[in-house]
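Enquirer: This structure is in structure tokens; I'll ask about it shortly.
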Amino acid sequence: MTRERETDAAQAWLAANDEAGLAISEWVETEISSALSLKVRTGALGLDARAAALAEYRRVAARVMSILPVEPRHFRLAASFADRHDLGLRAGEALHLAVCADHGANLVTLDQRLLAAAPQLGVAAESPKPGCSPP
């Protein structure tokens, strides 16, 4: 895995909640692949380390999470969320929220924009970082 500023908080949250019926959407792997590729392009990560990090993500996801499919209705809902220009959502962020909204799932994220937008769209959200919650 790669080390990020909030890795410890995220791993602690995951360890405390790994039996809680966690789910992620298929979109998450796209996001992770994109982030790892960016690290390769910028020289922060080599190809072998990228492959190892992706394999570790897949191992953890298979062990503790169910995978929610991304359906055409999610893209339509994401578009309606992105139409809320006041929220400042990007397409990928809106898609995460749409999948959560459709499944009645609680969004867990470190992304402050998502934490702020979620309750305005009827999505419950929390941060894995202690003391960091939606406004």
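Coordinate-derived values only; no laboratory data. Since we're looking at a predicted model, the values are computed, not measured. Backbone-built Cβ (ideal geometry, glycine too); neighbour counts: all protein chains shown.
Enquirer: Could I have the simple spin-label model distance between residue 120 and residue 37, label points 7 Å from Cα toward Cβ, reported in nm to one decimal?
Expert: Calculated label separation equals 3.0 nm.
Enquirer: Moving on. Quick one: pull the percentage of alpha-carbon pairs in the chain with a separation above 21 Å.
Expert: Value for the chain (Cα pairs over 21 Å): 45 percent.
Enquirer: Now for a separate question. Choose one answer from 123, 40, 99: the residue with the largest mean-square fluctuation in a GNM of the chain with alpha-carbon springs under 10 Å.
Expert: For the chain, modelled as a Gaussian network with Cα springs under 10 Å, the answer is 40.
Enquirer: Between residue 110 and residue 48, what's the calculated FRET efficiency when r is the beta-carbon distance and R0 is 25 Å? Round to 0.05.
Expert: After rounding, the FRET efficiency stands at 0.40.
Enquirer: Among 14, 36, 69, pick out the residue whose Cα is farthest towards the positive end of the charge dipole of the range 7-126, where Lys and Arg carry +1 and Asp and Glu carry -1 on C-beta, about the Cα centre.
Expert: Working it through, the farthest residue towards the positive pole turns out to be 36.
Enquirer: Considering only C-alpha atoms, what is the centroid distance from the range 31-72 to the range 80-97, in Å?
Expert: 23
Enquirer: Over the chain, with a Gaussian network built from C-alpha contacts below 10 Å, which listed residue (29, 93, 71) shows the highest mean-square fluctuation?
Expert: 71
Enquirer: Taking only DSSP H segments of four or more residues, each worth -39500 (n - 2.57), what value at 222 nm results for the chain once the sum is divided by all its residues, to the nearest 500 deg cm²/dmol?
Expert: One gets -18000 deg cm²/dmol as the mean residue ellipticity at 222 nm.
Enquirer: Let me ask something else. In a GNM of the chain with a 10 Å cut-off on Cα contacts, which of 45, 89, 68 has the highest mean-square fluctuation?
Expert: It is 45.
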